[in-house]
Structures are given as C-alpha cells and as structure tokens.
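The values are calculated or read from the model by the stated rules, or taken from the named source; none is laboratory data. Because the structure is predicted, anything quoted here is derived from the model rather than measured. No Cβ is skipped: glycine too gets one built from the backbone with ideal geometry, and neighbour counts run over all protein chains shown. Note: accessible area is taken over every heavy atom of the protein model, side chains too, but ligands, DNA and RNA are not part of it. Shrake-Rupley method; radii C 1.70, N 1.55, O 1.52, S 1.80 Å.
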Amino acid sequence: MVQSTDPQEKTFLALGDSYTIGEAVPVHERWPVQLAAMLREAGVHLADPVIIARTGWTTEELAQALLATPLSGPFDLVSLLIGVNDQYRGYPPEPYRERFAGLLDSAIRLAGGDPEHVFVLSIPDWGMTPFAAAEGRRPEKIAAEVLAFNALNAAVSQIKNVWYVDVFPISQEARAEPDLIASDGLHPSGHQYRRWAEAALPVARQILG
C-alpha cells in the first residue's frame, strides 16, 4: 500500500465500501478525492488519499481486509463509512454495532491513537433510487432500517469521541434531483459526492488545523 514519503505532507486514509471507492463514478469524483482537492485549495499540503474500500463489503469484510493490508500510519486524517451492505443483506443492527465499534477502534489506531483525527460518515438512504424501485423495495422501510443503523454508528462515534458527518439528508435530496444518482441507478453521482465532501470539509479542516 503506497503511502506518502514526504514528511511535510498530511495523510488521509478512507475506509469503507462502494460509497468510498466511488462505484460508477470516475476516480476524480470519489468523495475522498474531491475532499482532498478541497483541502488542497484551502492550503493544506495533502497527499493523495489511501482508500481501503470495495463494492459490497460489509463491516466483517472490511475488518478482514484491514488485517490483510499493511498500513504503517499514523495517518493525519482517517474516515470510516460502512454498514449499508450489512443492512442490505438483512443483518440485524445490534451485531453491526459491535463490528462497527471494532472498526472504529482500528481507525483510531491508524490515526495514531487520537480519536480527534477520525471522522465517521453516516450511511446514505438508497431507498429512493431506481435500483430500489426495480427490486420492488419499499423506500420508507429502507430509510427506517438505514436510520436504525445510523443511530448505532452515531452513538458509537460519540462514545469514542470521533467526529460525525451526516450525509443521510443529502442522499435524500436525490428524490427531487435525479442527477445526484450515478448512471447505475444505485450509487451517488459525482455531484452528490461533492456535497458529501463539502459537508466533511469543515471537519477535515478542523482536524488538520
């Protein structure tokens, strides 16, 4: 795993699933990449983000990937967004809480043990997407389940004293703005990811000083 060798550069590690790897959008439209560009525009000397994420990953699969990936750290900025695939596969919320807490512990460790250098993003609402409609899913049921998972990851984030960025309301704007959905009919578009990056920017700037 390539990491910055410039001691003056700040480093950014993004952990997650399809939302972090940017399924269905070009690399430059991924939200961590857009956030990094915004931080550079704000004068932060920042290396390219290191992204550990894959479409379809659950909390358990991300944990396994972290065990198998050499990451020396510490990173100046670490993000975590995970859980939609636990919800999609019908896993109950409570075991998710435990697995999420373990991943957040790993994120804090990779930030040099400092929770002030870690932020969590909430799980977006995919219930209003064309993909959900094609599957015959009820959007209100999906929203309620995602909110239940978000209540848990928000509670764990508060307990562990990390920052929290809620992108759930942004994702719901896709009801009125179809261009916030990517061409695959499921994932956010680059436009929506830009809004996520804008929401995370004040937190990231605070973390990086």
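Here are a few things to note about the model shown:
- Under the Debye formula (equal points on every Cα, no solvent term), log10 I(q)/I(0) of the range 79-135 at q = 0.12, 0.17, 0.18, 0.20 Å⁻¹: -0.37, -0.65, -0.70, -0.80
- Förster radius 25 Å - calculated FRET efficiency between Ser183 and Leu147 (Cβ-Cβ, nearest 0.05): 0.40
- The long axis of helix 93-110 is offset from the longest Cα principal axis of the chain by roughly 20 degrees.
- The distance between label points at His191 and Val27 comes to 2.6 nm (points 7 Å beyond Cα on the Cα→Cβ vector).
- The angle between the Cα long axis of helix 139-159 and the main principal axis of the chain comes to about 30°, on a 0 to 90 degree scale.
- Carbon + sulfur, % of accessible area of the chain - ligands and nucleic acids excluded, 1.4 Å: 52 percent
- Cα long-axis angle, helix 31-41 against the chain (0 to 90 degrees, to the nearest 10): 40 degrees
- When only the Cβ of Lys, Arg, Asp and Glu is charged (+1, +1, -1, -1), the dipole of the range 1-147 relative to its Cα centre reaches about 220 debye.
- Taking every DSSP beta bridge that has both ends in the chain, the antiparallel portion is near 5%.
- Average accessible surface for the range 76-209: 43 Å² per residue, computed with a 1.4 Å probe over protein heavy atoms with every protein chain in place.
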